[in-house]
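The values are calculated or read from the model by the stated rules, or taken from the named source; none is laboratory data. These numbers come from a predicted model, not from an experiment. Cβ: placed from backbone, ideal geometry, glycine included. Neighbour counts: every protein chain shown. Accessible surface is based on the protein model in full, side chains and every heavy atom, while ligands, DNA and RNA are left aside. Shrake-Rupley method; radii C 1.70, N 1.55, O 1.52, S 1.80 Å.
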Amino acid sequence: MSVTEQPPADGSGAADAAQEALHDRIAADSLTTRRDYLRIVATVSGGLAIGGIGVASGILHRHGDADGAPEAKKIADQLLPGESLAFRYPEQEDRAVALRMADGTLAGYSAVCTHLACAVLWRNDRGSEGELYCPCHEGVFDARTGEVTAGPPPRALPKVLLVEEADGSIWAVGTTRSGESVQEGLCRQLGADRPDLAVRLGCPGASASAAGTRSERT
Ligand code: FES
């Protein structure tokens, strides 16, 4: 399931319990920094569809090509249904957009059109869920998935992974390439840099022995 296909943030009882257990497990790990905590929650939420945490995705293609996970960055104190926010992530020159759909779904994308790099906007007045719209050549992207639905853009919008904290604040915590899943994006960016986290996330090729070696050094 795509992270942008998450259920509304109201969450079921089972999802709430799973989320709480996850938080407890992560908080109990003294090696886990706040940055890592955010990353883990984002990834597990995206991969396992745990409700109660709004997670979305997206990022700039050229940054998605780079190795190394970007720093987590607070982008808003809150984002209400029907609202969108332009921000920069992971670098100051990287335009991105976050949006909150009427059902509570939180989503984040690169705001750079995959056609000729014009700025992409969220048009909440279009369709039942709004759409991501590029005015240069009438390019349109699905607000829930980032996939191209009309016009000349050749690829989906890269995603920016967003996490909503308990106080309502919204954090950008990572990125994906166009067409890449949340887990694929974070596993690629974690790579050899954080094998301990890669193991926890179930990244292909991550080994517990590598994580142990790394932990011993830190
Ligand atoms: Fe976006 Fe052409 S630059 S459709």
- Message: Being in contact with a His (Cβ under 7 Å, 6 or more places away or on another chain) and either in a strand (DSSP E or B) or surrounded by 15 or more Cβ atoms within 10 Å (Cβ to Cβ) (or both) is the filter here; which residues of segment 149-181 pass it?
- Response: 151, 153, 158, 175, 177, 178
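For segment 107-132, name all the residues that are away from the ligand (no atom under 16 Å from the Cβ) and either more than 22 Å from residue 185 (Cβ to Cβ) or surrounded by fewer than 24 Cβ atoms within 10 Å (Cβ to Cβ) (or both). Walk me through how you get there before you give the answer.
First, pick out the residues of segment 107-132 that are away from the ligand (no atom under 16 Å from the Cβ): 107-108, 124-125, 127-130.
Of everything in segment 107-132, those that are away from the ligand (no atom under 16 Å from the Cβ) and either more than 22 Å from residue 185 (Cβ to Cβ) or surrounded by fewer than 24 Cβ atoms within 10 Å (Cβ to Cβ) (or both) turn out to be 124, 125, 127, 128, 129, 130.
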- Hey, can you tell me all the residues within segment 133-148 that are within 9 Å of the ligand (Cβ to nearest atom) and open to solvent by 50 Å² or more (accessible area, probe 1.4 Å)? 135, 136, 137, 138
- Flag for residue 160 being in contact with a Gly (Cβ under 7 Å, 6 or more places away or on another chain) and modelled with pLDDT of 95 or more: no
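Applying the selection to segment 111-140, what residues are among the charged types (D, E, K, R) and in contact (Cβ under 8 Å) with a residue 24 or more places away in the chain? Let's see the steps before the verdict.
Within segment 111-140, the subset among the charged types (D, E, K, R) is 123, 125-126, 129, 131, 138.
Within segment 111-140, 129 is the sole residue that qualifies.
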- Quick check: anything in segment 196-206 open to solvent by less than 40 Å² (accessible area, probe 1.4 Å), touching a strand residue (DSSP E or B) at 6+ places or on another chain (Cβ under 9 Å), away from the ligand (no atom under 14 Å from the Cβ) and at pLDDT below 90? no
